[in-house]
Structure formats: C-alpha cells, structure tokens
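S.K.: Here it is, the structure, as structure tokens.
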2 protein chains.
Amino acid sequence: MSPCWMARIGVKTRIIEQRDRKITRGHADGVQCRTIEVFQSFGFAERFRKEANELSEVVFYNPDKDGKLVATSRIPDTEPNTSRFRHGVLNQGRIEDFLIDCMKEHSLTVERSISAVSLECREDPSEAHPITVKVDHLVPSDEAVDANGLYRSNILPDELFNSSISQRQVAKTEEIKTKYVVGCDGARSWTRKQLGFSLEGDSANIYWGVMDARPITDLPDIRVKVVLHSADSGSLLVVPRERNIVRFYIQLGTLQPGEKLDPSTQSVDKIIESARKIMAPYTLECPEVEWWSVYEIGQRLCKNVSFKNRIFLAGDAFHTHSPKGGQGMNFSMMDSYNLGWKLAACVKGTVAPTILDTYGGERVEVARQLLEFDRTIANLFSGKPSVAKSEGVSMAEFQALWVQMGKWTSGTAIQYEPSLIVAESSPAKTKLAKNVLIGSHFESQMVVCYADAHAVQLADRLVADGRWRLIVFAGNIGHANQLQRFRDLCSRLMNADESPIKKYTPSTADLNSFIEVLTLTSSRRHALSYSAFPELARPFVGNFRYPTYDQIFSDEVSYLDGGGEAYTGYGVDPDGPGCAVLVRPDQHIADVLGFDDCVEQLGRFFGGFMIH
Amino acid sequence: MSPCWMARIGVKTRIIEQRDRKITRGHADGVQCRTIEVFQSFGFAERFRKEANELSEVVFYNPDKDGKLVATSRIPDTEPNTSRFRHGVLNQGRIEDFLIDCMKEHSLTVERSISAVSLECREDPSEAHPITVKVDHLVPSDEAVDANGLYRSNILPDELFNSSISQRQVAKTEEIKTKYVVGCDGARSWTRKQLGFSLEGDSANIYWGVMDARPITDLPDIRVKVVLHSADSGSLLVVPRERNIVRFYIQLGTLQPGEKLDPSTQSVDKIIESARKIMAPYTLECPEVEWWSVYEIGQRLCKNVSFKNRIFLAGDAFHTHSPKGGQGMNFSMMDSYNLGWKLAACVKGTVAPTILDTYGGERVEVARQLLEFDRTIANLFSGKPSVAKSEGVSMAEFQALWVQMGKWTSGTAIQYEPSLIVAESSPAKTKLAKNVLIGSHFESQMVVCYADAHAVQLADRLVADGRWRLIVFAGNIGHANQLQRFRDLCSRLMNADESPIKKYTPSTADLNSFIEVLTLTSSRRHALSYSAFPELARPFVGNFRYPTYDQIFSDEVSYLDGGGEAYTGYGVDPDGPGCAVLVRPDQHIADVLGFDDCVEQLGRFFGGFMIH
C-alpha cells in the first residue's frame, strides 16, 4: 500500500525484496470489506471482485446431544450495511499482482533478489538523506519459493527459515541513501532486529494445519464458510475459495509450554487425516492439494514502530497473531495505507514531519485491539465445545460473539483517537452529523451526480491521490436562505486569507488540487441549474480550464439504483443549516464543521502541521 | 463475435483485415443492453462497464412558444426492467480490443495488411474445403488510418475510400482453402460484390456531422443525453462519452435528389459553427476535437446473406442506416453472434448444415425491422419541430415514440420466428411459463445459488461456450410429489434412449458437456440437502469426478441482494407442475416443455438437425 501511495503521489521510491519471485499459492486469502474499500480508492476493487470468491453465508456445525455433527444455524457472512463491498477470498499472490500493477502504472516496480545487509541513520536532522542501507544483489536462483508446505511457517526455526537466502551468491553490493525506510519484512523482520525492537507476547501452545485443496465430500455445505466444532476431535474452519478450491483450517494438537514442534514430522497426509476425524461421519477426499502449512497460535506485538520518524515497521513486522480471523494481510495493508500518504506529504515538503507521530499513535493502538480480538477468537476456536451440560465452550456464546465481532472483523469499526490530524469530537459536532464519527473512515452512501444523473457511491469519489476532501452538506438549496449560506461558505473558502484552500493551493495549480470540495445537496437535482453553482463547487481545471462535473451530488432517488437516504444515513438534517466534513487522504474523518466557523476552524487545523 | 465463438469452441479460423492497424478514435460508440448481455456471455461485460460512460438520463430541449430553447422533459435512458445492464458508450476501438483479447485467450489473432483478391466456391458438396480465397499480403504503411475526419465516411466516392489500400505494395500472395467464409467487410463489402449481391434502398438526401470533443458550454445538461430541436436551425444530439468527451450529432443540411456532397468542402469548423447555431443562445467552445466526420442518411438492405450456406455476409455488409439510433455496431455484432455458434457446430460435424438457413431467416427479418425503425427515427430527428400551432414534427409525438421504442433500441425485443431451431409456441406452453417467449433471448432474474448462497443473475450462467441449456423449473421440491416428478425427469433425461443428453453426449465427455441442466427450485435452499439432488442436476466432472456446485438455484431472497421474484418474473407457477426451458447457445429460447413429454419433445427437436 505504501508504494501505491508513493507511485500515485510521485515520490521516488525503491522496493527491495530478497526473494526472487512472488508467491503464487496459499498464504493469506481473506480480504475484508474495509480493505476492498481501500482497493477501490486505488482503482482495483473490481479486479478483486471479479476473481475472488465472495463469502455469503456462515454455517455452524456443532455436536448435538448425542455428539453427532449437525448444522445448528446459518447467518450472512457480511452483515447488511457493513460496507458497499463484501468479504471475499483470493490468494495472496493475486492481491500482490494488483498492488504491483497499480504501482506499475506509475513506473514503480519491485526489485527482487536484493537482501539488506546494514541500516544506519545519522543524527544530523539537516541531512537530506540521513539513512544508509547497504544491500547485496543476489544471483537469482531457480528454486520455487513455495514448493514446501512449511515455507515461511512460524514453526520453522530462524536458521531454516532463512536458509534459502543465506546460501545464495552475491552478484554485487550497493549503498542506498534515503530519507525514509519502511520495513514490511514480516514477523521475523530484519528491520526490527536492526532497530533492536522486539515482539512481545505469548504462544498459545496450540498448533493448526492449513490446506488449500479441491475436496470431494458429502458435507452438504462446502461452498459456504463452515465453523465446525466436533465433540472430541477438535475444530475445523472451511473457507471456500476461487476456482472451487477450499481453504481448510484444521486443529492438530497442543504443545507443552516451551515445547517446539518438529517441522520434519508434519505432512499434508497428517492434516487430511485430522480433518477426516473432525468431520466424521462426513467423508473427505482431496485428490489435489494446492498448498498446505502448519502454524502455532500466538499473539505478539512490538509497541515501537518508528525510529526517529525515519525508519518504520509495518504489518507482521510489529504484530503477529493467528490467521483464522482473516485479519493478517488486511491489517498489514491498512498499516501501510495509514503511513503512505503521510510519508509522501513529508517528502513533498508540504507537511511537518510531526504528523508521522500519528502513525504509531493510530496503528499500535488498533493492533493492540486486534491481538485482544484474536486471543478471544482463537481460544473459542480451539476450545472443546460443551455438549449438553458438560464443560467446555458454549456454542451459543461462540456464535453470539462471532456476530458481535462482525463489524470489527470487517475492518470498518477502526476509529483513530484525537491527534494533530483528528479533531476532538463535541456534542455540537455530533448534532450536525450524528452518524459521522470523527476518527472513523467516511462511510459510503448512494447519491446522484448532478451533472450526469449517475447513481454513485459517494465514497468512490475519495480516490487515493493525496488530496484532502471537504464534503459540504449544502442542505436544501432550493431555499434562498440556505443557498446564500452555501454561496457564502464557498466564497470564504475560496477567498478568505485564513482559508487553507487559499493559503496552501499553489497559485498555478487547479482549485481542487489540495482540498477537493464535494457538495451534497438535500434538495433535488435541478433545484439549481448546474451553471449557477459557485466555482469552488465545480472548478475549472487544466490548461483549457475545462469544467468539472464530478463534485456535486444530490441526495435523491436515482432512476435505477435507489438512493435518497444519504442525509438520513449520515445523520444530517436535510432541512438544517448544513455542515462540512473534512476527510483525510486515507478516508478517515478529521473533523465535522458548521458553516459559520468552518473556514477559521480549517485554518487552525491545517495550521497545526502544514508548511506554507 | 463469430471469431470469439470459433476461439471458444476451438474451430480453426483466420481473420484477415486489409487495414494495418485498428481504429482508435470515433466511429460507433453506443452499446445497447442486449449487446452487453452478450459481452457478459464472453466474459468481458465488466471491462466495458468499467470504461464506458453509462447513460442515465435523456433530456429533451425544444423551442418554447417564443422559439427559445428550454428543457421540456427528462426520462431515464434505460427503462427499468429492460436488462440487468445499462446502455453505455465507449469508442469502437476499445470494443475491438475486448473482442481481440477474448479471442487471444484461445490464441486466435487478427492478421492485418491482408487484402482479398478473389473468391471461388466449388460446386462439389463432398469437398472438405470447397472455397478458395486468394489474398495479397500488403507491405504495412506508416499512415495513421483515422487521421482524416472523412476516413470511412459514406460521402466518399469508392475510389477515394479505397485509395489508401490500392496504393500499397504487395509483399506476397497466398491461396487460402476453407470450408466457410464470413464477410464482415462493411457497407462497401468486397465479399458482397464478389457474390453479385447488392444493397437496396434509398438515401434520405440529408447530411449530418458527427464530432467527439471535450466541450466548454453553458448548456446545463452536457453530461446527459440531450435531444435538441431548434426552431429554425436544425437538430442536435448530445451523447456524453468516457473521459468527459461528448459525441455530438449535428444536422448540417439537405441535398437535391441525385446530388452528391463534395467531401472537400466539409470541415470540423463548419460542423462546430452549425452546432452553435442550433444550440444558441447556449455557448460552445471545443478546444480539442478528437474525431469528426460527415455522413449522409440512408437505409439499405441486401436480402441475400448467404451463398450456398458457405459464404455469409454480416453487419454493414448487408444493412446500412443512420447512426443516431445507436444500432449499427450492435446489430452487426448480433449478426455474428447468431451465426458463430451455428458455423462452429457445422465445422465440428455435430449438426446438419441446414441450420445455417436460420441465419438469414433470423437476421434479415430483424434487419428489415431495424431499417423501418431507423427511417422513422431519422425523419423525426431531421424534421423541423412544430412551434406552437405551426407545421412540423410534434415534439410530444417524437418523445412518445422515443420512449415506446426504448425496448427495441435496447436490443432486447428481438424475437426469432419458428424454424428448425425455434419451436412453435402454443397456449399450453404459454400456460407453463407466461413470460418466457419462444424465439426471444432468455431474460435474467436474480436467484440464489444452492451451494454457496451467492445471489446470481441466472442469465450469467448462459456462458457462450457452444452448449445448450435446459433450465428446469423444478417447482416446490419440499413437496414429496413434486420432488418425485423432478427426480423422474432427471432420471429419464439421463437414461432414456430418446433423450438427447443420452444420445448425443459422447460417452467419454462430462454429463453437462452437450446440454447443461440448470435447476431452479421455488422452494427455499435446504428444502433438499445438496447431496440429495439427482446426479444430472449436479454432475461429477473431469478426471477426478469433482462435484459441480453451480447448476442448482433457489428462487429465494438472498442475504444482501434481493431476489425471490424469479418464478413471478418468468410467469411460472411456484406451486405448479414445473417446466423446462430449452435455451440455444446464443441464449435464445428454443422451446418450453412440460415435464411429462419433455424427453420425447427434446428428442424430436434435436433429431431435426443433430448428427449422431
């Protein structure tokens, strides 16, 4: 995600990766709603949706009072109104392709077979490129990286994990001077070790198998998600994948405290055998297994994620946990999505480096919540179910918690705390926009584009290009009084000296290049002729000063796609005084403002970190 | 479209094209709903939807009683329930890319710079490859094909039209022996001339300009479709395109009978000047014009489209008309869609060549309807509006006709007459499925997939792969009696000697390889466990005999996407005896059958043209 930001915003970047080629099978696969919203902001949500298997239903199989497995209930996998997108699964290799293609549009590529050797950061703050990274260019090997099931497994000791790299020949060495380094180098992060930081936390002493296979089974539900607790043989999770593949998570066994699992004793046959025991009396044959692995459950966190706001850790490099919540790849990408636009703005010199403090402030806190969530869900998964009245995990309790955690799991419940770039909430702000939560991402509603009558998801307009957005709820501009209020606001935003638009938009740049104003009226289209809108709402852009047609919307029912519920959805009074919502480049809500002091408040807010 | 069929079905094919490169600008752009449904059957509707501009609204501008232009009314561009897709516009070059990419997936490519010189078809019916086409391989030229606005215009005399080709050097010649030839070579079809066939019809002696430009205007509606009749200066049509481009159709003038327009007197400046007069008092500036042309309106048809069922004409080669109805490219592709699967089956030797008679039978008749439609709409467009009570075209009448023709324009109203491959309708059949019209395409309804709970458009399952489909409305199989009827039907389809599935499916092939059975129950999912369905409904396929999960559906409300209205939509009684709808490989409905004589009727139907 960070490189996508850099590519989009035009920041010179190098991505070095020690492995020769990308993985093609297995690994992470679940992509949560919020992550797909972010894919959409980079323009490739459609590619994901086309290839992924959307998950529609979750079925719980539990032992009945005789210990026989039965489907006890069915629920939707994505609760209504969670997002405009749905939870889906697709192998990590394809997700990486989408990211790589997104960067490639701006000529940024991944440089493979390069291994970092040393990392040094000078003290001198005046130095333009204070960091030196020495790297080895390795001779590419022919070895398929993911041939072995335990490749990258957390049960491998470090020396085995790194063996394929350490044995490779060095073709040449290079010294890279840079302003910033982001270590997205996984649970055994080399970057983290260089910084002397460490992951803290525990192993749960439980190990699971994971397998991608195309099964032949008489379990009637194999193309929906199945959470299956057997009476005595452990638990199993079925996640149907693209191409009729199924991802199985299979409980294998427990370890004594301090005991290490011997990788050489693990095999795909043992995993299938365990699955059969858990699923019995249902049958299971897997003629073709595409990928498998074994992992130990644990939750670990590194609370330091930045060194002098110059070197950063993201993803598994600072948080690890079990995979069944489908959070790992998602959370890691969201770290990077949070960091990328901030770093790019620092490199561009438009903001003070202090905003980089908010990366750790925001992401370490949500990672802590993630580990808490993971601990709970992992315990419930590995626990023995209480059959009838005997001891164990109550399946009703498990299912209730599952549903309750749905919003959190989807990634849409993340809310950042007040900071330099998240304003404090207040009752007055809440009154203006009841359901717009400062610190949360801006949720989407279907609205109608004034100029072309298209029904559009408003959040689709929050493209990841580094711009801030001011979403102006103009209210009912069919009323002369409200229209005048809206015109006054636009005029002050465009002309007042304290307006950040006036202050920070370069004089040669388009009016919407720093903050893009999106207007949503509660009155119907044609309450005001398009040509009568203030210039700020429909700025003229480019050399020929072409008009824009995609910044004004009406909250009305579209011809074919619904709509007309946006003001209600956001909790804004359609006949009220209006308000403005400031949205960060990463779609998180920075502030909610009334028309009257909007310009002054914005001036103060941006004054806190912008460089004039 | 024909080559897409050939590529998909695996028929050895060559596509020869005399021009060096594909066009990139201008030409046809409107893509109708039914065409997008066909794109979907080849798997690229999404690509189209992503890039095209969907048209949402049509606004009519007419002179008021003082002759001043005003927006008199607004209607949706695509009427609700026309299709699951919407009318959109995208330049012809991109559509060609989609088709080319679709073929390329099966290694079929376009061979450019090859010009046909002679065409000969032997009499001997026993000859495997009775046709000889002599071709010249031309030396590629550097000339951009579409640099001049009048390139390919119908106002160019033949010698000018062909000049760029005739001047080119021949690198080598070749003789191609083939079973079939399809001439998709446009209004001045070389193939048609070789066959001695001619287009018959009239010119309307009216000429229009067409232009793709990014306009700067104060007309408030420039991003929706605008049909504008001025009081005295002629008419204009605005079609907003992708990338903020607008396609303008502009009435330029009339000709005396027999008069020819001098191409050298036409220019883009004259077109813009005419547009300004028609739009006045609204302003128009076009700093960048991407493409322009001038054309004469006329409707012409060639009633012969086949020579001995060996050589065929498709598209403009046998029908030409004015472009404003947005039909040209669509109708041409639909010709080819109709022909392709039939030709492929003949080459494969599974059907008798007599089914090729149905190509002309079906397409000449609908082309005749097209020309009738076009004559009406072109007259109304070019007519002078009646202002107040004076003479002229009534704008109310024009608009009423526009709306009424919406379904026809969308391409979804096409219905083929009874033939070898379209059964006669009857009151008994109508009673079984009131809204399933034999000869029409099978319309889509949202249904829920039994196995994975996905909401799916049933017609999305009608993939263009050459297979027939039998859509079995199984009814309420929660009732033991109806379940038994359904099981009996499946059993007879699978085992009875007269069943075409039994008779024509090769013994080594999958059970669904000739006719794929799609089952739709009116009872809810889980009225019957998935594993309890008859094998025919969920056949085991491939070497490993993997189960299929995408052939059984329920007419119920999905978790998130509606549904539950399919039986009502198709007019089938959910508690009735059930029925089966036979659908051709091109999605047209061949027959509607009751359960009781289904197998016998199918046997007779396929017996009429299948080769055992």
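Quick note: the coordinates plus some simple rules give every number you see, no bench work behind them. Just so you know, these numbers come straight off a predicted model, no measurement behind them. Don't worry about glycine lacking a Cβ; one is built from the backbone with ideal geometry, like all the others, and counts go over all protein chains shown.
S.K.: To the nearest whole number, what is the average tally of beta carbon atoms from other chains within 10 Å of the beta carbons of peptide A:450-458?
M.R.: Details: counts 2, 6, 11, 13, 8, 2, 0, 0, 0.
Mean partner-chain Cβ count within 10 Å for A:450-458: 5.
S.K.: Using only the Cα atoms of the protein assembly as shown, build the gyration tensor, take square roots of its eigenvalues as a ≥ b ≥ c, and label the shape rounded, prolate or oblate: rounded if a/c is under 1.5, else prolate if a/b is larger than b/c, else oblate.
M.R.: In terms of gyration-tensor shape, oblate.
S.K.: Here's a follow-up. Please work out whether chain B counts as rounded, prolate or oblate from its C-alpha gyration tensor, where a ≥ b ≥ c are the square roots of the eigenvalues and a/c under 1.5 means rounded, while otherwise a/b larger than b/c means prolate and anything else oblate?
M.R.: Oblate shape, in that a/c is at least 1.5 and b/c is the bigger or equal ratio.
S.K.: Follow-up. Using a 7 Å offset from the Cα along the Cα-to-Cβ direction at both residue B:303 and residue B:596, what is the distance between the two label points in nm, to one decimal?
M.R.: 4.4
S.K.: Go ahead and collect, in residue order, the members of the stretch A:427-441 whose backbone nitrogen is under 17 Å from a label point 7 Å along the Cα-Cβ direction of residue A:417.
M.R.: Only A:438-440 pass the distance filter.
S.K.: While we're looking at this one, here's another question. Given the C-alpha centroids of the stretch B:321-394 and the stretch A:319-343, what is the distance between them in whole angstrom?
M.R.: Measuring centre to centre over Cα atoms gives 54 Å.
S.K.: While we're looking at this one, here's another question. Taking residue B:75 in one copy and the same position in all the others, each labelled 7 Å out along Cα→Cβ, what are the pairwise distances from the first, in nm, shortest first?
M.R.: 4.8
S.K.: Per residue of A:553-560, how many C-beta atoms from partner chains lie within 10 Å of its own C-beta, taken as a mean?
M.R.: Whole-number average of other-chain Cβ neighbours for A:553-560 is 3.
S.K.: For chain B, with only Lys/Arg (+1) and Asp/Glu (-1) charged at the beta-carbon, what is the dipole magnitude about the Cα centre, in debye rounded to 20?
M.R.: On the way: 69 positive and 78 negative charges, 118 e Å.
Once rounded to the nearest 20, the dipole reads 560 debye.
S.K.: Now for a different question. For each pair in A:22/B:50; A:308/A:348; B:308/B:342, compute the distance between the two Cα atoms and list the pairs where it is over 20 Å.
M.R.: A:22/B:50
S.K.: Additional query: Taking the rotation axis that maps chain B onto chain A, which residue of B brings its Cβ closest to that axis, and at what distance in whole Å?
M.R.: So the closest residue, with its distance, comes out as B:46, 3.
S.K.: Applying a 10 Å radius around every beta-carbon, put A:528-534, A:107-113, A:311-317 in order of their mean neighbour count, most first.
M.R.: A:311-317, A:528-534, A:107-113
S.K.: Given label points at 7 Å from Cα along Cα→Cβ, what nm distances, shortest first, separate residue A:368 from the same residue in every other copy?
M.R.: 8.0
S.K.: OK, next. Roughly how many Å is it from the Cα centre of the stretch B:225-274 to that of the stretch A:539-612, as a whole number?
M.R.: 39
S.K.: Next question. Roughly how many debye, to the nearest 20, is the charge dipole of the stretch B:523-585 about its Cα centre, given +1 on each Lys and Arg Cβ, -1 on each Asp and Glu Cβ, and no other charges?
M.R.: The calculated dipole for the stretch B:523-585 is roughly 340 debye.
S.K.: Taking residue A:225 as the anchor, which aspartates and glutamates have their alpha carbon closer than 12 Å to its alpha carbon, excluding any fewer than eight residues away along the same chain?
M.R.: Excluding near neighbours in sequence, the set is A:54, A:57, A:77, B:452.
S.K.: For a label point 7 Å from the Cα of residue B:557 along Cα→C-beta, name the residues of the stretch B:442-459 whose backbone N is under 18 Å from it.
M.R.: B:446-449, B:453-456
S.K.: How far is it, in nm, from the label point at residue A:79 to the one at residue B:242 when both lie 7 Å from their Cα along the line to the Cβ?
M.R.: 3.9
S.K.: Straight-line reach only, C-alpha to C-alpha below 25 angstrom: list the lysines that residue A:434 could link to, leaving out same-chain residues fewer than 8 apart.
M.R.: Hits, sequence-local ones excluded: A:407.
S.K.: Cut-off is 10 Å between beta-carbons; in what order do B:4, B:579 appear when sorted fewest neighbours first?
M.R.: Lowest count first: B:579, B:4.
S.K.: Sequence neighbours fewer than 8 away in the same chain don't count; with that in mind, list the lysines whose C-alpha is under 25 Å from residue B:260.
M.R.: B:193, B:270, B:277, B:324, B:384
S.K.: May I pose another question? Taking only Cα atoms, what is the 0 to 90° angle, nearest 10, from helix B:357-382's long axis to the longest principal axis of chain B?
M.R.: Between the helix axis and the principal axis of chain B, the angle is about 40 degrees.
S.K.: Would you mind checking which residues have amide H under 5 Å from residue B:58's amide H? H placed 1.01 Å from N; only 5 or more apart, or other chain.
M.R.: HN-HN under 5 Å from residue B:58: B:75, B:77.
S.K.: Round to the nearest 10 and give me the degree value, 0 to 90, for the angle of helix A:33-42's Cα axis relative to the longest principal axis of chain A.
M.R.: Tilt relative to chain A: about 50 degrees.
S.K.: Positive end of the dipole of chain A, charges at C-beta (+1 Lys, Arg; -1 Asp, Glu), about the Cα centre: which of A:385, A:574, A:108 has its Cα farthest in that direction?
M.R.: Toward the positive end, the furthest listed residue is A:108.
S.K.: In percent, how large is the relative contact order of chain B, given Cα pairs closer than 8 Å and 6 or more residues apart?
M.R.: Numbers: 1243 pairs, mean separation 88.5, N = 612.
Averaging sequence separation for qualifying contacts and normalising by length gives 14 percent for chain B.
S.K.: List B:454, B:229 from most exposed to least, where exposure is judged by having the fewest other Cβ atoms within 10 Å.
M.R.: By the 10 Å Cβ count, ascending, the order reads B:454, B:229.
S.K.: Sticking with this structure for a sec: Which far-off residues, 5 or more places away or on another chain, put their amide H under 5 Å from the one on residue A:517, with H placed in the peptide plane?
M.R.: A:470
S.K.: Turning to a different aspect of this structure: Stretched out fully, how many nm does the piece from residue B:202 to residue B:379 gain, at 0.36 nm a residue minus the Cα gap?
M.R.: Working it through step by step, the gained length comes to 62.4 nm.
S.K.: Sticking with this structure for a sec: Quick query: amide H of residue A:15 versus all other amide H atoms, modeled in the peptide plane; which residues come in under 5 Å with a sequence gap of 5 or more or a different chain?
M.R.: A:111
S.K.: If you take each beta carbon of peptide B:536-544 and count the beta carbons of other chains within 10 angstrom, what is the mean? Don't jump to the answer; show the numbers that get you there.
M.R.: Working: counts 0, 0, 0, 0, 1, 0, 2, 2, 6.
Counting other chains' Cβ atoms within 10 Å and averaging over B:536-544 gives 1.
S.K.: Mind checking which of A:501, A:479, A:552 is farthest towards the positive end of the stretch A:456-592's charge dipole, using Cβ charges of +1 (Lys, Arg) and -1 (Asp, Glu) about the Cα centre?
M.R.: A:501
S.K.: Separation of the stretch A:453-520 and the stretch A:29-96 by C-alpha centroid, Å?
M.R.: That distance is 36 Å.
S.K.: So the label point sits 7 Å from Cα along the Cα-to-Cβ vector; using that for residue B:50, what distances do you get to the other copies, in nanometres, sorted shortest first?
M.R.: 0.4
S.K.: Which net charge results when you count Lys and Arg as +1 and Asp and Glu as -1 among the other residues whose beta-carbon is under 12 Å from that of residue A:309?
M.R.: Result for the neighbourhood of residue A:309: +3.
S.K.: Then there's this: If you put +1 on each Lys and Arg Cβ and -1 on each Asp and Glu Cβ, how big is the dipole of the stretch A:491-570 around its Cα centre, in Debye rounded to 20? Display every interim value, and only then the final one.
M.R.: Numbers: 7 positive and 10 negative charges, 58 e Å.
Using Cβ point charges on Lys, Arg, Asp and Glu, the stretch A:491-570 gives about 280 debye.
S.K.: Right, here's the next one. Rounded, prolate or oblate: which fits the stretch B:173-261, taking a ≥ b ≥ c as square roots of the Cα gyration tensor eigenvalues, rounded meaning a/c under 1.5, else prolate when a/b beats b/c?
M.R.: The shape class here is oblate.
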